[in-house]
1. I need the Kirkwood Rh of region 156-313: take the reciprocal of the average 1/r across all distinct C-alpha pairs and report it in angstrom.
2. Just the Cα atoms of region 35-99: what Rg and Dmax do they give in Å?
3. Could you tell me which of G26, H109, T49 has its Cα farthest along the dipole of the chain towards the positive end, charges placed at Cβ (Lys, Arg +1; Asp, Glu -1), taken about the Cα centre?
4. Just the Cα atoms of region 270-311, one point each, no solvent: what log10 I(q)/I(0) does Debye give at q = 0.17, 0.21, 0.25 Å⁻¹?
5. In the neighborhood of H99, defined by Cβ-to-Cβ distances under 11 Å, what is the net charge if each Lys or Arg adds +1 and each Asp or Glu adds -1?
6. On full extension of the chain, what length is gained from D54 through E124, given 0.36 nm per residue of separation minus the C-alpha to C-alpha distance?
7. Set the Förster distance to 30 Å, then compute FRET efficiency between L132 and N71 from the Cβ-Cβ distance, nearest 0.05.
8. Using every Cα-Cα pair within region 118-248, state what percent have a distance larger than 27 Å.
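What follows draws every value from the coordinates through simple rules; no lab data is involved. Quick caveat: nothing in here was measured; it's all calculated off a predicted structure. Here the Cβ positions follow ideal geometry from the backbone for every residue, glycine too, while neighbour counts run over all protein chains shown.
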Amino acid sequence: MDKISIIVPCYNEEKALPGFYRAVSGAVKDIDGAECEFIFVDDGSRDHTPDILDSLSLKDDRCRSITFSRNFGKEAAMYAGLQNASGDYCVFMDADLQHPPELLKEMYHVVKTGGYDCCAGLREDRTGEGRLRSFLSRAFYKVVKHICNLDMGDGKGDFRMMNRAMADSVLELKEYNRYMKGIFSFVGFDTKWIPFHNVERAAGETKWSFGSLFRYAVDGILSFSSAPATMAGTTGALLILAAALTAVFTVILKGGLNGIPMLVCLILLLNGIQMFFISILGQYVSKDYMESKKRPIYIVKKKRGFTELSHEH
Ligand code: UDP
Ligand code: MG
């Protein structure tokens with residue numbers, strides 16, 4: 001019998017949790033060949049979430065939970081959940097039923113028999129979300145696609161079931177500033193996307209303000225890309241080019257370079273040179289920054305022809 005670990009980050013979810021537990025318990029009953037465990041991670045909630053988790057673990061021994069000493073953020077909660085999951089398959093789910101439990105069965109079949117390591121939900125629309133937030137999110141994913149070179153598309157969220165190999169690889173990335181969408185993409189493995197429609201959260205309210213979403217977006221870009229440091233270099237090069245053009249045109253049109261055009265030229269040139277060298281410095285710093293994450297240099301999916309012994313070394 002396979003075990004599926006259902007990992008649920010919870011921050012002030014007293015209103016949503018009872019319904020979540022009922023709906024998901026019902027959905028996993030339908031899955032043949034697998035049992036489940038719940039790993040609830042209470043991310044420093046200030047409401048009755050811990051009490052609800054207490055009573056759940058008393059009445060159902062499949063329910064385990066961890067309570068953080070304060071709010072550490074959803075990324076930390078997901079990491080803790082994964083670290084404590086003992087299942088052959090692990091799935092992340094939000095507590096607010098925005099991730100439809102009826103997809104669990106299909107996800108299990110895909111990872112068990114479909115030849116995929118991971119099966120993830122692809123949110124097709126943004127119903128129930130403010131217009132401005134939808135617009136900004138879309139814009140963010142466009143920018144990320146260009147500068148991070150990772151597959152972190154719009155609608156590709158955290159709702160995904162993965163096998164042990166992939167779960168262990170995700171755990172190998174121990175960086176402090178975690179950005180799960182990027183990490184999933186970084187570790188690789190084969191993922192099948194199954195579409196689902198967005199629904200409004202079952203109860204309670206979203207934990208994200210514009211400020212926190214913006215910080216999350218900036219963190220996401222900085223964790224996976226040093227493109228912002230390169231931007232200074234491009235700007236510098238453009239300024240130097242502008243200085244050269246100003247000089248050439250002034251000489252052609254006026255027959256010499258002095259007075260105000262000369263001053264403009266100098267300002268452009270000096271700033272350009274400065275920017276250019278700042279970006280070189282930025283490159284060194286960002287290399288060191290990426291090194292400091294100590295990410296695995298490669299991730300093995302399968303080995304052939306090695307004995308167990310050589311695997312140990
Ligand atoms: N969450 C968390 N810690 C936080 C913020 C959110 O564990 O600091 C959990 C929250 O309880 C929920 C999930 O992360 O289970 C998604 O949060 P939410 O529904 O507020 O985000 P949204 O769906 O609006 O993006
Ligand atoms: Mg939600």
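1. Its Kirkwood hydrodynamic radius stands at 20.8 Å.
2. Looking at region 35-99, its Cα Rg and Dmax stand at 11.5, 32 Å.
3. H109
4. -0.66, -0.77, -0.86
5. Values: positive: R123, R160, R201; negative: D94, D96, E102, D158.
Net local charge, H99 excluded: -1.
6. Values: separation 70, 0.36 × 70 = 25.20 nm, distance 3.54 nm.
Full extension of this stretch gives 21.7 nm more.
7. Values: r = 25 Å, r/R0 = 0.83.
That gives a FRET efficiency of 0.75.
8. Working: 2802 of 8515 pairs.
The share of Cα pairs beyond 27 Å in region 118-248 comes to 33 percent.
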